[in-house]
1. Can you pull out every residue in the range 53-72 that is polar (S, T, N, Q) and part of a loop (DSSP other than H, G, I, E, B)?
2. In the range 318-333, how many are modelled with pLDDT under 85 and surrounded by 17 or more Cβ atoms within 10 Å (Cβ to Cβ)?
3. State the number of residues belonging to the range 97-110 that are at negative phi and either surrounded by fewer than 21 Cβ atoms within 10 Å (Cβ to Cβ) or basic (Lys, Arg) (or both).
4. Counting only residues that are touching a residue at least 40 places away in the same chain (Cβ under 8 Å) and assigned to a helix (DSSP H, G or I), which one in the range 73-82 is surrounded by the fewest Cβ atoms within 10 Å (Cβ to Cβ)?
5. Select from the range 297-308 the residues that are assigned to a helix (DSSP H, G or I) and more than 14 Å from Val281 (Cβ to Cβ) and list them in ascending order.
6. Please go through (1) among the charged types (D, E, K, R); (2) farther than 21 Å from Ile114 by Cα; (3) touching a strand residue (DSSP E or B) at 6+ places or on another chain (Cβ under 8 Å) for Asp292 and return the number of the only condition it doesn't satisfy.
7. Provide a single number: the residues in the range 1-50 that are part of a helix (DSSP H, G or I) and either surrounded by 14 or more Cβ atoms within 10 Å (Cβ to Cβ) or modelled with pLDDT of 80 or more (or both).
Amino acid sequence: MKALVTTRNTKTERVFLVGLELKSGNSWTTRESLAELQELAATAGGEVVGEGIQKMETPVAGTFIGSGKAAEFAEKCRSETVDTVIFDDELSPAQSRNLEVVFGCKVIDRTSLILDIFAQRARTKEGKLQIELAQLQHLLPRLTRFWGHLSRQKGGIGMRGDGETQLETDRRRVQERITKILSELDTVRKQRLTQRQGRKRSLWPLASIVGYTNAGKSTLLNSLTGAEVLAEDKLFATLDPTTRRLRLPTNQNVLLTDTVGFIKKLPHGLVEAFKATLEEVVQADLLLHVVDVSHPQAEEQVLAVNTVLDEIGASGKPTIMVFNKIDRFDCGEKLERLSQHFPGSVGISAKNGQGLDHLLAELGIQMRPVRDFVEMEVPHDCYPVVARLHEVAQVVERNFDGPLARFKARIPPHCRAEFQAYILREL
């Protein structure tokens, strides 16, 4: 009883984790997945007091894990005064109901946990709408578990007779809210489309930072652009996309967008709800795929991110693999192996700036094709033209001998009209 009182005073839920290890197995073990689930639970504000794993051929239809194992875990939960049991895989509505009867406390799955974290972290109206949509879509088929005990309502004009069940009423209200949110998100998509069209008129290329959650994406954006995006050593520290202008050493302007982090077993409904945000990734000219090279499952995280990119239709884009956190440990051998597998990759520490000059150089090389390479002649007394050229273009060669100054430069297409009178030929 003392532990229960402490829990209530601190408002920290005591959590028990459950994983199912299928005998088929994979490179990402159940133990490693539960370690990540523990991080997620801590991020949501829970205190993990225990965990259990069962090995089976396939999940059980009614209770996901075996009934005997469920009873064993339930006894552990009662002895530890557990408030919430979290399963590492998605549960069906029927499985959730049955397991709550066995455990005698709240039972949620990985999807519900991730949605809860997103709900805590969303700051903008758009982010809150997307989270609410995903939560409602996840809740809709599970309403029976909340309202199955209620009897039918009666009374009132137009409600004589059996009336509506509370379940039917709530289903209708949830569906109406989903419809309204979808309409509002459609407006958001149109606004983002207008913004993208504005960017296309300026012809500044767009690079999106993608990667596993807590890989260091926001820290990288801050280091490169001076943005002040929240960057914490937590899963899903930031959700709302942030775009900043980055001026490369080649004088080229690039729009750099930080996006929501991905995770293994990312709920499909969450991907669908975040389509308005993830369209920034789909429309990007280039991706910076940030990887926490110090993480033991760095390769598996790369595969998890690629799976989500494929799901949203962003696979196959030009990509620079950015291996972050090289300052954390001696990762020379691992970094060399990954670099051989991903040509053109860059090792950096976004936190202390190590390798950022190399990254900017590689970004300039990758973005070079979007510029016009021309040879120009400019009168020596046209100082504003020469100054403007050095401001917006990458000047590769200059020669001030003779009656006219000669330049070879890579010019942004949207600036070409300013220099058209001085262009001799394409290179």
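The values are calculated or read from the model by the stated rules, or taken from the named source; none is laboratory data. Note that the structure is predicted; figures quoted are calculated from it, not measured. Note that each Cβ is placed from the backbone with ideal geometry, even for glycine, and that neighbours are counted across all protein chains shown.
1. From the range 53-72, those polar (S, T, N, Q) are 54, 58, 63, 67; that's our starting set.
The answer is Thr58, Thr63.
2. Of the range 318-333, the ones modelled with pLDDT under 85 are 328-333.
Those still in the list that are surrounded by 17 or more Cβ atoms within 10 Å (Cβ to Cβ) too: 331.
Residues meeting the conditions: 1.
3. So the first thing to find is which residues in the range 97-110 are at negative phi, and the list is 97-103, 105-110.
Okay, now just the ones that are also either surrounded by fewer than 21 Cβ atoms within 10 Å (Cβ to Cβ) or basic (Lys, Arg) (or both), so 97, 100-102, 105-106, 108, 110.
Residues in the range 97-110 being at negative phi and either surrounded by fewer than 21 Cβ atoms within 10 Å (Cβ to Cβ) or basic (Lys, Arg) (or both): 8 in total.
4. From the range 73-82, those touching a residue at least 40 places away in the same chain (Cβ under 8 Å) are 73, 76-77, 80-82; that's our starting set.
After this cut, where a residue has to be assigned to a helix (DSSP H, G or I) as well, the list is 73, 76-77.
Working: Phe73: 24, Lys76: 15, Cys77: 25.
Looking at the filtered set, the residue picked out is Lys76.
5. The first filter runs over the range 297-308 and keeps only residues assigned to a helix (DSSP H, G or I), leaving 298-308.
Matches in the range 297-308: Ala298, Glu299, Glu300, Gln301, Val302, Leu303, Ala304.
6. Of everything listed in (1) among the charged types (D, E, K, R); (2) farther than 21 Å from Ile114 by Cα; (3) touching a strand residue (DSSP E or B) at 6+ places or on another chain (Cβ under 8 Å), Asp292 misses just condition (2).
7. Of all residues in the range 1-50, those part of a helix (DSSP H, G or I) come to 2-10, 30-43.
Subset that is either surrounded by 14 or more Cβ atoms within 10 Å (Cβ to Cβ) or modelled with pLDDT of 80 or more (or both): 7, 30-43.
Matching residues across the range 1-50 total 15.
Table: residues versus (1) of a type outside the set (Ser, Thr, Tyr); (2) within 15 Å of Gly19 (Cα to Cα).
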site	(1), (2)
Glu47	yes, no
Met56	yes, yes
Ala61	yes, no
Ala74	yes, yes
Thr81	no, no
Val85	yes, yes
Asn98	yes, no
Gly104	yes, no
Val107	yes, yes
